[in-house]
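Undergrad: One structure follows; several queries about it will come next.
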Amino acid sequence: MIGVFDSGVGGLTVLRALVAELPAEQFVYLGDTARLPYGTKSAETVVRYALQASEALAAFRLKCLVIACNTASAVALPAVRARIASVPVIGVIEPGAEAACAASRSGHIAVIATEGTVRGGAYQQAILRRRHAAQVTAVPAPLFVALAEEGLCEGPIAAAVAHHYLDPLFAAAGRIDTLVLGCTHFPMLAGAIRGVVGARIGIVDSAQTTARHVRQALEQAGIAATGGEGGVRLLATDAPQRFARVGARFLARPIAPDEVTLIDL
């Protein structure tokens, strides 16, 4: 069983990529919908929430734990690894940073994320560890989260918000050639974002890069499932009906409300 958690439904983009990359695996996903968003919380609070979510998932006898939340990955990964020490714990920051460094020709990389992720500087630090001369510009784009959850991923509203965030970013740093989608909600708006930045900018989706990283980690450890039928179990800490309704867009398949188990952390 592979555990995956996020503050809400955004991490379902990571789960979707994981299922596509590892179709024979069993997954259990926890959305902490009672306490979202994590991106506006203090680092201390995010660490506490992440540890509680991790411990709840550890009861499923995991072979791997994925922190499918950029904010939690940014501030809580060391604490979770220390607490859940018996299995690999993988966040979304490091795979995204690695992919960005590989994709960028000029070394000028932009990151859009939540306020908490940008403020913590995790992407900036992860990129600079790999590419010391990189120029990294990170800006918060919180309205993208609301648009993704409301299903307003295309059309004039999505385009206007994309212009609002991206036009000043690319005007101020004209040599940017790579853009990191540093929030799991943001792949839902990839079309609107592409429409603003154009074809020449490489877009790094941390969901896909994380899924590939997990597959490689499982194969290297010799614990990847080699056959059989995979499956997904869904948990939420509040409002399972809303989780099912909104999450269906992120998972790209219908979710029946009775598929979502309500739990208390």
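Undergrad: Could you please give the count of residues in region 52-78 that are farther than 21 Å from GLU115 by Cα and either modelled with pLDDT under 95 or not in a strand (DSSP E or B) (or both)? If you could, list the steps in order and put the result at the bottom.
TA: Restricting attention to region 52-78, the residues satisfying the condition of being farther than 21 Å from GLU115 by Cα are 52-66.
Next, from what is left, pick out any that are either modelled with pLDDT under 95 or not in a strand (DSSP E or B) (or both): 52-63.
Selection size over region 52-78: 12.
Undergrad: Given (1) more than 18 Å from the chain's Cα centre (by Cα); (2) crowded, with 21+ Cβ neighbours inside 10 Å; (3) not aliphatic (A, V, I, L, M), where does TYR49 come up short, assuming only one miss?
TA: It is condition (1) that TYR49 fails.
Undergrad: In the set ALA160, ALA126, which member is assigned to a helix (DSSP H, G or I) and either surrounded by fewer than 19 Cβ atoms within 10 Å (Cβ to Cβ) or touching a strand residue (DSSP E or B) at 6+ places or on another chain (Cβ under 6 Å) (or both)?
TA: Working: ALA126 fails: either surrounded by fewer than 19 Cβ atoms within 10 Å (Cβ to Cβ) or touching a strand residue (DSSP E or B) at 6+ places or on another chain (Cβ under 6 Å) (or both).
Exactly one residue qualifies, and that residue is ALA160.
Undergrad: For region 59-66, check the following and say yes or no: at least one residue is of a type in the set (Phe, Trp, Tyr), within 22 Å of VAL9 (Cα to Cα) and in contact with a helix residue (DSSP H, G or I) (Cβ under 8 Å, 6 or more places away or on another chain). Steps first, please.
TA: Here is the first cut: in region 59-66, the ones of a type in the set (Phe, Trp, Tyr) are 60.
From what's left, within 22 Å of VAL9 (Cα to Cα): 60.
With in contact with a helix residue (DSSP H, G or I) (Cβ under 8 Å, 6 or more places away or on another chain) added as a condition, the list becomes none.
So far as region 59-66 goes, no, none of its residues is of a type in the set (Phe, Trp, Tyr), within 22 Å of VAL9 (Cα to Cα) and in contact with a helix residue (DSSP H, G or I) (Cβ under 8 Å, 6 or more places away or on another chain).
Undergrad: Can you tell me how many residues within region 245-254 are on the phi < 0 side of the Ramachandran plot, under 20 Å from the mean Cα position of the chain (by Cα) and assigned to a loop (DSSP other than H, G, I, E, B)? Give the steps one after another, and end with the answer.
TA: Applying the first criterion (on the phi < 0 side of the Ramachandran plot) to region 245-254 yields 245-251, 253-254.
With the extra rule that they be under 20 Å from the mean Cα position of the chain (by Cα), the set shrinks to 245-251, 253.
Subset that is assigned to a loop (DSSP other than H, G, I, E, B): 253.
Number satisfying all stated conditions: 1.
Undergrad: Also, I was wondering about something else. Return a yes/no flag: does region 27-36 have any residue that is assigned to a helix (DSSP H, G or I) and either farther than 26 Å from ARG119 by Cβ or modelled with pLDDT under 95 (or both). Full working, then the answer.
TA: Of the residues in region 27-36, the ones assigned to a helix (DSSP H, G or I) are none.
Scanning region 27-36 turns up no residue that is assigned to a helix (DSSP H, G or I) and either farther than 26 Å from ARG119 by Cβ or modelled with pLDDT under 95 (or both).
Undergrad: Next question. Would you call ARG175 out of contact with any helix residue (DSSP H, G or I) (no Cβ under 9 Å at 6 or more places or on another chain) and among the basic types (Lys, Arg)?
TA: Numbers: out of contact with any helix residue (DSSP H, G or I) (no Cβ under 9 Å at 6 or more places or on another chain): yes; among the basic types (Lys, Arg): yes.
The answer is yes for ARG175.
Undergrad: Kindly indicate the residue of region 84-98 that is in contact with a Ser or Thr (Cβ under 6 Å, 6 or more places away or on another chain) and under 19 Å from ASP32 (Cβ atoms) and also surrounded by the fewest Cβ atoms within 10 Å (Cβ to Cβ) among those meeting that condition.
TA: ILE84
Undergrad: Please count how many residues of region 226-244 are surrounded by fewer than 16 Cβ atoms within 10 Å (Cβ to Cβ) and either outside any loop (DSSP other than H, G, I, E, B) or of a type outside the set (Ser, Thr, Tyr) (or both). Break it down into steps so the answer makes sense when it comes.
TA: The initial filter retains those residues of region 226-244 that are surrounded by fewer than 16 Cβ atoms within 10 Å (Cβ to Cβ), namely 226-231, 233, 241.
Now drop any that are not either outside any loop (DSSP other than H, G, I, E, B) or of a type outside the set (Ser, Thr, Tyr) (or both), which leaves 227-231, 233, 241.
So the count comes out to 7.
Undergrad: Only one of GLU150, GLU115 is closer than 30 Å to PRO168 by Cα and touching a Gly at 6+ places or on another chain (Cβ under 6 Å); which?
TA: Details: GLU150 fails: touching a Gly at 6+ places or on another chain (Cβ under 6 Å).
Answer to the check: GLU115.
Undergrad: Okay, moving on. Scan GLY195, GLY202 and give me the residue that is of a type outside the set (A, V, I, L, M), closer than 30 Å to ALA172 by Cβ and either buried (at least 17 other Cβ atoms within 10 Å of the Cβ) or at pLDDT below 95 (or both). So that I can check it myself, show each step before the final result.
TA: On the way: GLY195 fails: either buried (at least 17 other Cβ atoms within 10 Å of the Cβ) or at pLDDT below 95 (or both).
Within the list GLY195, GLY202, the selection yields GLY202.
Undergrad: Going residue by residue through region 9-23, is there one that turns out to be touching a residue at least 60 places away in the same chain (Cβ under 8 Å), more than 16 Å from the chain's Cα centre (by Cα) and surrounded by fewer than 18 Cβ atoms within 10 Å (Cβ to Cβ)?
TA: Yes, the conditions are met somewhere in region 9-23.
The values are calculated or read from the model by the stated rules, or taken from the named source; none is laboratory data. Keep in mind the model is a prediction, meaning the values are calculated, not measured. We place every Cβ from the backbone using ideal geometry, glycine too, and count neighbours over all the protein chains shown.
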